[in-house]
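Okay, structure first, notes after.
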Amino acid sequence: MKVLVVGASGYLGGAVCARLERAGHEVIGLSRSGGGPARRTLRGDVTRPALALAGAALEEVRAEVTHIVTAFGSVDWDCGPDTALDLHAAGIRSVLGLARTCDRFTGLVHVSSLLALGRASGRVGNRELYVGQTFRNWYEYGKYVAESLVRAARDVPSTSVRFGPLLGVPPAAGALSARHGLLAVLPPLLQGYPVHLREGGDFPCYAGEVTGAAEVVHRAVETPASGRTWTWFDPADPTLAEVLRALCRPLGRVPRIVDSATVGRLQRLLASRTGTPDALLGYAEPWFDLDPSVLDAVPGGPPRCPAGYLEATGREVFA
Ligand SMILES: NC(=O)c1ccc[n+]([C@@H]2O[C@H](COP(=O)([O-])OP(=O)(O)OC[C@H]3O[C@@H](n4cnc5c(N)ncnc54)[C@H](OP(=O)(O)O)[C@@H]3O)[C@@H](O)[C@H]2O)c1
């Protein structure tokens, strides 16, 4: 198979390239910088038609690529509507447009996010996408629109794979960033500020490990596209509080997690002083109720996460 991985220089995209090449697939890694671990890389931009490819590179993609993986766009919970919609949504439109012109195309593997479910109420599974939910931020909405576009494009065979927050040390050095997502809460925790989480954070956050996610993408590439959605997270299903404690452990710190509305209010007021990103405050309440049987839909069973991946993440980021 010849796979175009879009977002190949990123945290997940790099791990996907490494996994696919290890399985013997030919990989073309695409990003604006043209970086990443793939043996073959191209510069491109998903916000432009044909991903800004031209000439021989575009001809090769159209004549030879069998699969496209969408792993572009950062997990930026603070992004505005421009990034969320121009990148996640318009980017998917460009990818779908390109896929329609590829002669040997057999499958799109779209990397979605469980956060596309926003504040869904009631039990949700792989089939649900819009259940009347509201969204905490533009990132969630952008991922929701992107997955909706993939589902609606019935002429492009696809599988969407949903992940929660991914942690762990990726195969390519330097791709792990603590600027976005769950890791952005660590600086105030490490400084000793109390953090309010409803029920003391004793609720699922559906974390997973990055090479496990890359394994799931690899299986999706090798499985005939069915228009279905898969979900994967660490089958051990650590709670949000357990994840935060494990991330802080290598630094010898125990985070001060409390269930206190007063602390929650102070946290909002002092967010800029304590370095707590605004968007993180929205995740202090239980997220949504995900049907645990979603994991059964991953062919071959859900990959396990390597022991100690959360501690390894904390060590890597703050050592
Ligand atoms: N990490 C997670 O916890 C997680 C969980 C669930 C879902 N996801 C999804 O996985 C995807 C990747 O996340 P990540 O954490 O790997 O992000 P990341 O490390 O920031 O990587 C983003 C990648 O997208 C590329 N990119 C950004 N803008 C682009 C553009 N206009 N055209 C082409 N490439 C572009 C970046 O490279 P250049 O800057 O060089 O272009 C980079 O390769 C996102 O769609 C995210 O929603 C991630």
Confirm whether SER272 is free of Cβ contacts under 8 Å to residues at least 40 places away in the same chain, of a type in the set (S, T, N, Q) and more than 18 Å from LEU115 (Cα to Cα).
yes
Please determine whether any residue of the range 19-27 is more than 10 Å from the ligand (Cβ to nearest atom) and under 19 Å from the mean Cα position of the chain (by Cα).
yes
So in the range 191-209, with the set limited to residues that are open to solvent by less than 30 Å² (accessible area, probe 1.4 Å) and part of a helix (DSSP H, G or I), which one is nearest to VAL294 (Cα to Cα)?
GLY201
Return the residues of the range 187-221 that are within 16 Å of the ligand (Cβ to nearest atom) and of a type outside the set (Gly, Ala, Ser); say none if nothing qualifies.
PRO204, CYS205, TYR206, GLU209, VAL210, THR211, GLU215, VAL216, VAL217, HIS218, VAL221
Please go through the range 32-59 and give me each residue that is more than 11 Å from the ligand (Cβ to nearest atom), outside any loop (DSSP other than H, G, I, E, B) and open to solvent by 40 Å² or more (accessible area, probe 1.4 Å), ordered by number.
ARG40, PRO49, GLY55, ALA56, GLU59
So VAL75 fits all but one of (1) in a loop (DSSP other than H, G, I, E, B); (2) more than 14 Å from the ligand (Cβ to nearest atom); (3) within 21 Å of TRP230 (Cα to Cα); what number is the exception?
(2)
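Yes/no per residue for (1) of a type in the set (A, V, I, L, M, F, W, C); (2) open to solvent by 10 Å² or more (accessible area, probe 1.4 Å); (3) at positive phi:
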{"residue": "LEU166", "(1), (2), (3)": "yes, yes, no"}
{"residue": "ALA175", "(1), (2), (3)": "yes, yes, no"}
{"residue": "THR211", "(1), (2), (3)": "no, yes, no"}
{"residue": "ALA236", "(1), (2), (3)": "yes, yes, no"}
{"residue": "LEU240", "(1), (2), (3)": "yes, no, no"}
Looking at the structure I just gave you, is GLN133 surrounded by fewer than 22 Cβ atoms within 10 Å (Cβ to Cβ) and at pLDDT 95 or above?
yes
Hey, does the range 193-207 have a residue that's under 18 Å from the mean Cα position of the chain (by Cα), at pLDDT below 95 and not assigned by TED's automatic domain parsing to the domain that holds ALA71?
no
Kindly indicate whether SER112 is open to solvent by less than 50 Å² (accessible area, probe 1.4 Å) and closer than 22 Å to LEU183 by Cα.
yes
Among the numbered conditions (1) open to solvent by less than 10 Å² (accessible area, probe 1.4 Å); (2) within 24 Å of GLY252 (Cα to Cα); (3) more than 14 Å from the ligand (Cβ to nearest atom), tell me where VAL124 comes up short.
(2)
Considering only the range 256-278, I want to know if a residue exists there that is in contact with a helix residue (DSSP H, G or I) (Cβ under 9 Å, 6 or more places away or on another chain), part of a loop (DSSP other than H, G, I, E, B) and under 30 Å from PRO157 (Cβ atoms).
no
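The values are calculated or read from the model by the stated rules, or taken from the named source; none is laboratory data. Keep in mind the model is a prediction, meaning the values are calculated, not measured. Cβ coordinates were reconstructed from backbone atoms using ideal geometry, including for glycine residues, and neighbour counts include every protein chain displayed. Heads up: the accessible areas ignore ligands, DNA and RNA and are worked out on the full protein's heavy atoms, side chains in. Shrake-Rupley method; radii C 1.70, N 1.55, O 1.52, S 1.80 Å.
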